[in-house]
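Step one of this worksheet: look at the structure below.
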């Protein structure tokens, strides 16, 4: 839902978000594509919010709460990921041959969905149970989250972690390191947005560069997932040539995005 904060206490905002989704899931109606994206985004923002509290509540408690939100996001990942990959295929091949590609694209879509489900985290708790548990964590620490200044050490820790990850990625160039950068980028700019809204101010111009790098790394992540998932197995013969074209274009796009990511990361570290 990503409500505006309008709360002086971080826990109040978090509980408002969680209660909205708890009520929505009680309806038992399936989430549509927009709602699926929204609940996953909320879960990621709440992980960032929990990391703001890390110096206050300790690593063990913070890790448990963050894992609940990770599991909540993972629960809704399969449909979302397969949709993203299907859209990426269409984008990469939008200027390819004009013959009917529906048959082999449908086969690829089935591959994406199957593999997304295979890689989905096994959950011991339902989404509602995860939300209810996280609500109780926020309620238990609400009384010492009244002072926004107490959250700033958490922001500094995230910034330090991000700078370390960026330095490692620039040095190694590995996609694994860049993926770690992407996670900590999101945590950092979500935290800056949260604190800015709590203080009724703009988060500052620097956040735009963080968001831009996050978008570039997100595109690289999707391309690498695509290259990992696609397989000629099950495709009609007419699809094999298109698959080669798809891989070539994905590799070319990734090289261009890598140059952008490198330049943005260096500017952030200045």
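The values are calculated or read from the model by the stated rules, or taken from the named source; none is laboratory data. Since the model is a prediction, treat every value here as computed from it, not as a measurement. All Cβ positions, even for glycine, are placed from backbone atoms using ideal geometry, and neighbour counts span all protein chains on display.
One line per residue, one yes/no per condition, for (1) more than 23 Å from residue 157 (Cβ to Cβ); (2) outside any helix (DSSP H, G or I); (3) within 12 Å of the chain's Cα centre (by Cα):
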| site | (1), (2), (3) |
| --- | --- |
| 36 | yes, no, no |
| 41 | no, no, yes |
| 44 | no, no, yes |
| 48 | no, no, yes |
| 51 | no, no, no |
| 61 | no, no, no |
| 68 | no, no, no |
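Of 218, 239, all but one fail to be modelled with pLDDT under 85, surrounded by 15 or more Cβ atoms within 10 Å (Cβ to Cβ), part of a helix (DSSP H, G or I) and in contact with a helix residue (DSSP H, G or I) (Cβ under 7 Å, 6 or more places away or on another chain); the exception is 239. Of all the criteria given as (1) farther than 16 Å from residue 66 by Cα; (2) at pLDDT below 90, the one not satisfied by residue 125 is (1).
Scanning region 129-166 for residues that are surrounded by 15 or more Cβ atoms within 10 Å (Cβ to Cβ), over 30 Å from residue 267 (Cβ atoms) and modelled with pLDDT under 95 yields 141, 142, 145, 150.
Taking the condition at pLDDT below 95 and closer than 19 Å to residue 149 by Cα, does residue 13 pass? Taking the combined requirement at face value, the residue satisfies it. Might you let me know whether region 144-162 holds any residue that is outside any helix (DSSP H, G or I), in contact with a helix residue (DSSP H, G or I) (Cβ under 6 Å, 6 or more places away or on another chain) and without any contact (Cβ under 8 Å) to a residue 60 or more places away in the chain? No, because not a single residue in region 144-162 is outside any helix (DSSP H, G or I), in contact with a helix residue (DSSP H, G or I) (Cβ under 6 Å, 6 or more places away or on another chain) and without any contact (Cβ under 8 Å) to a residue 60 or more places away in the chain. Residue 30 fulfils the conditions (1) in contact (Cβ under 8 Å) with a residue 12 or more places away in the chain; (2) outside any helix (DSSP H, G or I) except for a single criterion, (1).
Exactly one residue out of 43, 49 is at pLDDT 95 or above, more than 17 Å from residue 127 (Cα to Cα), crowded, with 16+ Cβ neighbours inside 10 Å and in contact with a helix residue (DSSP H, G or I) (Cβ under 7 Å, 6 or more places away or on another chain), and it is 49. Among residues of region 189-209 that are at positive phi and at pLDDT 85 or above, none has a Cβ under 7 angstrom from a residue that is crowded, with 18+ Cβ neighbours inside 10 Å and assigned to a loop (DSSP other than H, G, I, E, B) at a sequence gap of 6+ or on a separate chain.
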